[in-house]
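Chemist: Sharing a structure below in structure tokens format, with a few things to ask.
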Amino acid sequence: MKKETYKIQGMHCASCVATIEKVLSKTAGVYSASINYASESGLIEFDENIVSESGLAKAVEDSGYHLIVSNNAKVDSQKKEKEIKMLNMDMNSPQHNHMEMEREEQIKEMKLKLIIGGILSVFIFLGSFLEWFSFVPKIMNNNWVLLLLTTPVQFWVGWQFYSGLKLLVKYRTADMNTLVAVGTLSAYFYSMAVTVFPAFFTKSGMTPALYFDTSAVIIVLILLGKYFEVLMKGRASEAIKKLIGLQPKTAKILRDGKETEISISEVKVGDLIVVRPGERIPVDGKITEGDSEIDESMITGESMPVHKRINGLVIGSTINKFGTFTFSATKIGKDTMLSQIIKMVEEAQGSKAPIQRLADLISSYFVPAVFIVAVLSFVIWFFFGPNPAFTFALVNFVAVLIIACPCALGLATPMAIMVSSGSAASRGILVKDAASLEIANKIDTIILDKTGTLTQGKPQLTDIIAFNNEQQEDVLNLAASLEQRSEHPLAQAILQYAASLDQKSSHPLDKTIIDEAKKEKIGLYKLENFKAISGKGLRGFLQIGTQKIESYLGNRALVVDIGLDFSPYEANIAKLENEGKTVMILVVDKKIKGALAVADVLKKESIEAIKALKENNIDVWMITGDNNRTARAIAAQVGIDNVMSEVLPDKKSEKVRELQNQGKIVAMIGDGINDAPALTQANIGIAMGEGTDIAMESANITLMRGDLMLIFEVIKISRRTMRVIKQNLFWAFFYNIAFIPVAAGILYPFFKILLNPIFAAIAMAFSSISVVLNSLRLRA
């Protein structure tokens, strides 16, 4: 099974989308096809053993459109793998270049046709109305001259619209092109008949009207609208283009002790790569030597540089600000985070929101309905209209066909989704599919996993209490000395604090910090006969001066085992435990010296984020495996009233389901592997970008930095997007419902008003452009 996004050319409206989807759904081996008019792409899921990419291209080609298949399709599997890797590593790849060149070529060709068609249409218009423009030579009013001038506009400038006739004849379906082609050809061939056989039309004593100007000007105006549409679609996908342009083209690698600059396509997993200040990091990897401040704003949206040490993970295409370092490549090509982000954004832009499927369904019936209205209009005017009846019938027939605009309907939803998902990506929010953007604004309940989501995800030393006139510094010194050989997370919290007394470092403990903690300035005592006591703490002998003193650090049970009474200190210990903290009691030489409290502290923005959610009438729940007392303590600190405690990992999804069964629209926010089932179960799963790959794959939305305020940002983006989509759909429906009857001549019996087909073309072009411009407001 393969799921791939392909560029599709030749689409002009939502009816084109319905046609291509219909053709592909009938193709053997195709399981699903989601075609997006705004991004001119299709997300196709198919079985390669049944149908090939060239088979898909042929099916689309037969329906009058063009599906672009990568040239790599025919290479052998080994070479294909290499080519794909190169494609993804070089964002100036042949595929991306090809698409961009195709678009530029399309714009260039449209511009040429517009210039020539515009000049010819001006002459045709002037020649058609000598009574208005007396300065125009009379020869310009000659029927044959007008026919000569109109023919290239009709058949060269307007050639792209004739694919609609192929649909009409071969598939008995129609799209916007069919409307334009039938409408303009009707005006053209009628005018040509008047020119070639004038006697046939004048025998009744009437002078027949020519509509060369109608045909030519309509084609140019509609093409002008399409030209602006293509230009603005390019602006809508700027977020993707910016991401694509970030990838470096070369990397400096170490081989045989020498630094060599190679193409990024030649980098292999495990290569050692050198990065100097100001350079972009070529691929994803892990630092093996040196440290630096790295600007990761393009991925996380966070403006502050992040300090990276040995074993720190670096992301390809981020910028090294200061130091020089060496790192080992861990992910290359399509596996890098940037490539995955681009793929996710492209798939989101290519997917459909449920509201869009309604618009597509309406559009599929819309064009045939317009034809029926146009034919009825012609018949009614021909048999019941005033003289010249045929002229009235033809004008209204053409006006109805031209003014109907499935384009605006087709663009209303995908254009907004495309702009919105690109804008979200630039803020560090990755939306996997369009449906998520639609559902997010309906969320009324949010479940937050505690560890790593509300909290930092790693324990930190929060309190040091000294008993019996001891000094806090001494208590910390003795505790850190006892913990220096321990690998336990609580030990790491104490050592980390001791290594950086001036500030609580948020970096995970690594070898550098341990080494710093062992320096004399921290004053660690020599430790001997270290022993971890399972479930209770640890014991060791500290070399203090000339003496080796037995010391302990652990919980209440350990102190009881030693035979000491800690009741005088119970109030202090209980207070810390009631705040959800883990308390370790320090015993040195059979005396209780103090206590240290360690907790997984809240992220600094947690309280503000919860407050913002609650102010917007969203129920907030916290879910955790912790005991109820600890869970309630953390929840109270952050302002959460609803708590699910002592929940086993495999039961989290059941808790989500319980709320859904109450009619709630639930969003689950988590970061761990154990959150994946719950993320999948929720109406919207939101993963923290600093979490596990599995969590991110299970989620609908990924926050590339661990800022909880982005949750509310997701809801705001969804609300704005849905507001714009509804505006787009309203105006598209209103436009068609209001103007098609006017074009059919409904106002003529009352006000003697008929809609000139030229003005119908202007209105049609404006309706599409207004939808695009309204959608582009989402970039702000």
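Chemist: Find the lysine pairs in the stretch 589-688 meeting two conditions, Cα atoms under 18 Å apart and a separation of 8 or more places or different chains, and report how many there are.
Modeler: Summing the qualifying lysine pairs gives 6.
Chemist: A follow-up question, please. With a 1.4 Å probe and every protein chain kept in, tell me what percent of the accessible surface of the stretch 1-70 is carbon plus sulfur.
Modeler: Heavy-atom surface of the stretch 1-70 belonging to carbon and sulfur, 1.4 Å probe: 49 percent.
Chemist: Determine, from the Cβ-Cβ distance of residue 469 and residue 307 and an R0 of 60 Å, the FRET efficiency 1/(1 + (r/R0)^6), rounded to the nearest 0.05.
Modeler: So, using R0 = 60 Å, E works out to roughly 0.95.
Chemist: Per residue, how large is the accessible surface of the stretch 1-70? Use a 1.4 angstrom probe and give square angstrom.
Modeler: Solvent-accessible surface per residue comes out at 37 Å².
Chemist: Within the P(r) computed for the stretch 268-331, what percentage of the Cα pairs occupies the region above 16 Å?
Modeler: Result for the distance tail: 32 percent.
Chemist: Hey, how many Å between the Cα centroid of the stretch 617-691 and the Cα centroid of the stretch 468-493?
Modeler: What the calculation gives is 34 Å, centre to centre.
Chemist: Another question, if that's okay. Please compute the net charge surrounding residue 570, taking Lys and Arg as +1 and Asp and Glu as -1 over other residues with Cβ under 11 Å from its Cβ.
Modeler: 0
Chemist: Kirkwood hydrodynamic radius for the stretch 1-70: how many Å is it when counted over pairs of different Cα atoms?
Modeler: Result for the stretch 1-70, one decimal place: 11.6 Å.
Chemist: Calculate, for the stretch 268-331, the solvent-accessible area per residue in square angstrom, rolling a 1.4 angstrom probe over the heavy atoms of the protein chains.
Modeler: 43
The values are calculated or read from the model by the stated rules, or taken from the named source; none is laboratory data. Because the structure is a prediction, the values reported are computed rather than measured. Using ideal geometry, Cβ is built from the backbone for each residue, glycine included, and neighbour counts are taken over all protein chains shown. The area values use the complete protein model at the heavy-atom level, side chains included, leaving out ligands, DNA and RNA. Shrake-Rupley method; radii C 1.70, N 1.55, O 1.52, S 1.80 Å.
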